[in-house]
Amino acid sequence: MELTLWTYEGPPHVGAMRIATSMEGVHYVLHAPQGDTYADLLFTMIERRGLRPPVTYTTFQARDLGGDTAELVQRSIRQAVERFQPEALLVGESCTAELIQDQPGALAGGMNLGVPMVNLELPAYSKKENWGAAETFYQLVRTLLKAQLPAPGTPKPSPSRWRDEGRRPRVNLLGPSLLGFRCRDDVLEITRLLAEHGIDVAVVAPLGSRPADLERIPTADANVCLYPEVAGPVCSWLERSFGTPVVRTVPIGIGATAAFLRELHGVLDLALPADLQSLEGQPSEAERRSRLPWYSRSVDSTYLTGKRVFIFADATHAIAAARIASKELGFQVVGLGSYSREQAREVRAAAAELGLEALITDDYLVVEKAMGEAAAELVLGTQMERHSAKRLGLPCAVISAPLHVQDVPARYSPQMGWEGANVIFDSWVHPLMMGLEEHLIGMFRHDFEFVDGHRSHLGDGAPAAAGTGEPEAAGTAAAGPAADPVPAPGTTTAADAVREALESLWTADGEAELAKIPFFVRGKVRKNTEAFARERGLARIDAEALYDAKAHFSR
């Protein structure tokens, strides 16, 4: 057994709590000892939800273990049904309660409760939170749709039946849940996007749905698997059992959003709009709606090209981030991994396309070590990577659960669709911009603007010349150019000779690195680097010397 301080995922019963808390009219009876109620805090403190989860704990204590804990389970179930009158009931046990083998689901099954009941058998010692959420959602949908299962041999419904029925096409959005990453805003963005293309949303589940909504799932023409970690199993089951096609492209990023819309139009037999048609590999008109493509090609962003990025997240966001970073922002992905073992194959395939070996682990210390070895300049990860990056002095943006309270913004902040691409650009580039500002402060720290006391370019509050500690230099400056001899036209001065000698020291890779620095500070950086090289007697100025100079002047 390994003791750990942080973990990417909780036990599977926390995943079941995410499904119950995301929905309305569902109650969860959890056979658990005192102390396992800590999970309530995930929803009230991190998700900032105004209500505690709809969970009844049996809360047995050590002294109860000598008696009949099964009777305690039955009493808790009966009281929960009478008090909360749920439309569907989930019954399960925590990892601790699993050891005493009361089998609360089996007990509930013999109580004739009068409501749909799902017996959750979640192996606490071999599976984790996302698997528990996916299994709970799958079992709940399967229980509620049991009476609607088509008879064997029934033809699959056509995805274009909407045309025969004289209505607009409609789809389900499956997978969004509480404690997911920006799920609320993603649903709004995708619903708005679909409405622009004349597509209705039949059911969003589990977030905000009721059991009666789940019973309407087969009425849709297709299912959109927004979050495979939660909705992957249920989408596959609906495809096998009801013949409902699944749209599996996750619309995170410009290219993926366009691919999502093209896949959806193909599945629903809709004519592809002109603005989604691309010619000769050029971006379609729809892809230009987001500001990300323009911003990523602007002067402000060109010096970010080639930045080394390390990515570690759940599978959905890690794969999307790698694609956006490498294909839409011009970053260099130097590390890619995930804690989602169920989607490890997809992550490995995405890493292989980038010439990398995927890191599949749930040990944050292993991730931190890999992050340092990759010499990353930006980290895209979870709340765990934010802590690790801070220790390593690297800028970081959170792109996935697990998250902290600051990652649940009150404002509209989606990750999917055109607006989601704008949010991603802001979230990823700003940490690098802040790093650049610190770099500039280091390079310019000897300039008078950065002297303590300076307040404006008009001299208000600037230190007096005598206070700079360099009276002679100040006096020379006051004397002005009259003190310098004026060379005759066509003659080479000593200063010109020094300048030419210094310029000859620059190697091709040194000049290439220098060219990545913004033009408005490039001259200053060149001057500082040459001064650094002259002081140390360097025979050449290559990229390594440039960064040594940067480190020297940043101290």
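The values are calculated or read from the model by the stated rules, or taken from the named source; none is laboratory data. Everything numeric here is computed off the predicted structure, so don't read it as measured data. Positions of Cβ are backbone-derived with ideal geometry, glycine not excepted, and every protein chain shown enters the neighbour counts. Just the protein is used for accessible areas: all its heavy atoms, side chains included, with ligands, DNA and RNA removed. Shrake-Rupley method; radii C 1.70, N 1.55, O 1.52, S 1.80 Å.
Of note:
- If only residues of the stretch 528-550 that are assigned to a helix (DSSP H, G or I) and acidic (Asp, Glu) are counted, the one that is nearest to residue 503 (Cα to Cα) is 530.
- Count of the stretch 285-329 residues which are surrounded by fewer than 20 Cβ atoms within 10 Å (Cβ to Cβ), small (Gly, Ala, Ser) and either at negative phi or modelled with pLDDT of 85 or more (or both): 3
- All positions within the stretch 86-110 that are out of contact with any Leu (no Cβ under 8 Å at 6 or more places or on another chain) and either outside any helix (DSSP H, G or I) or basic (Lys, Arg) (or both): 86, 87, 99, 101, 102, 103, 110
- Summed over the stretch 5-32, the residues that are open to solvent by 20 Å² or more (accessible area, probe 1.4 Å) and either of a type in the set (A, V, I, L, M, F, W, C) or in a strand (DSSP E or B) (or both) give a count of 2.
- Among residues of the stretch 359-379, those that are surrounded by 21 or more Cβ atoms within 10 Å (Cβ to Cβ) and in contact with a Ser or Thr (Cβ under 7 Å, 6 or more places away or on another chain), counted: 3
- Test: residue in the stretch 197-220 that is touching a His at 6+ places or on another chain (Cβ under 8 Å), farther than 15 Å from residue 186 by Cα, part of a loop (DSSP other than H, G, I, E, B) and not basic (Lys, Arg): yes
- Checking residue 411 against (1) touching a residue at least 12 places away in the same chain (Cβ under 8 Å); (2) closer than 24 Å to residue 175 by Cβ; (3) assigned to a loop (DSSP other than H, G, I, E, B), the condition it does not meet: (1)
- Residue within the stretch 245-253 that is buried (at least 23 other Cβ atoms within 10 Å of the Cβ), out of contact with any Cys (no Cβ under 9 Å at 6 or more places or on another chain), under 20 Å from residue 186 (Cβ atoms) and modelled with pLDDT of 95 or more present: yes
- When the criteria are applied in full, residue 55 fails the requirement of being in contact with a His (Cβ under 9 Å, 6 or more places away or on another chain) and open to solvent by 10 Å² or more (accessible area, probe 1.4 Å).
- None of 342, 377 is modelled with pLDDT under 95, under 21 Å from residue 176 (Cα atoms) and acidic (Asp, Glu) except 342.
- Of all residues making up the stretch 111-149, the number that are in a helix (DSSP H, G or I), aliphatic (A, V, I, L, M) and in contact (Cβ under 8 Å) with a residue 60 or more places away in the chain: 5
- Sub-6 Å Cβ pairs linking a first residue in the stretch 497-514 that is farther than 12 Å from residue 545 by Cα to a second residue that is open to solvent by less than 80 Å² (accessible area, probe 1.4 Å) and not hydrophobic (A, V, I, L, M, F, W, C), at least 6 apart or interchain, are 502/530, ordered by first then second residue.
- Test: residue in the stretch 118-141 that is at pLDDT 90 or above, out of contact with any Gly (no Cβ under 8 Å at 6 or more places or on another chain) and farther than 15 Å from residue 211 by Cβ: yes
- Note on the stretch 189-200: residues that are hydrophobic (A, V, I, L, M, F, W, C) and surrounded by fewer than 17 Cβ atoms within 10 Å (Cβ to Cβ) amount to 1.
- Selection from the stretch 380-402 of residues that are at pLDDT 90 or above, in a loop (DSSP other than H, G, I, E, B) and open to solvent by 10 Å² or more (accessible area, probe 1.4 Å): 401, 402
- The set of residues in the stretch 33-52 being open to solvent by 20 Å² or more (accessible area, probe 1.4 Å), more than 16 Å from residue 84 (Cβ to Cβ) and among the hydrophobic types (A, V, I, L, M, F, W, C) consists of 41, 42, 45, 46.
- Some residue of the stretch 387-397 being free of Cβ contacts under 8 Å to residues at least 40 places away in the same chain, closer than 21 Å to residue 256 by Cβ and not acidic (Asp, Glu): yes
- Cβ-Cβ under 7 Å pairs, at least 6 apart or on other chains, the stretch 537-550 side open to solvent by 20 Å² or more (accessible area, probe 1.4 Å), far side part of a loop (DSSP other than H, G, I, E, B): 540/507; 542/507
- Subset of the stretch 323-368 [under 18 Å from residue 398 (Cα atoms), assigned to a helix (DSSP H, G or I) and not hydrophobic (A, V, I, L, M, F, W, C)]: 323, 326, 364, 368
- The stretch 330-339: number of residues that are modelled with pLDDT under 95 and open to solvent by less than 40 Å² (accessible area, probe 1.4 Å): 2
- Cβ-Cβ distances below 7 Å connect the following pairs, each with a first residue in the stretch 214-228 that is farther than 15 Å from residue 243 by Cα, a second residue that is surrounded by 24 or more Cβ atoms within 10 Å (Cβ to Cβ) and of a type in the set (Ser, Thr, Tyr), and a separation of six or more residues or different chains: 227/316; 228/316.
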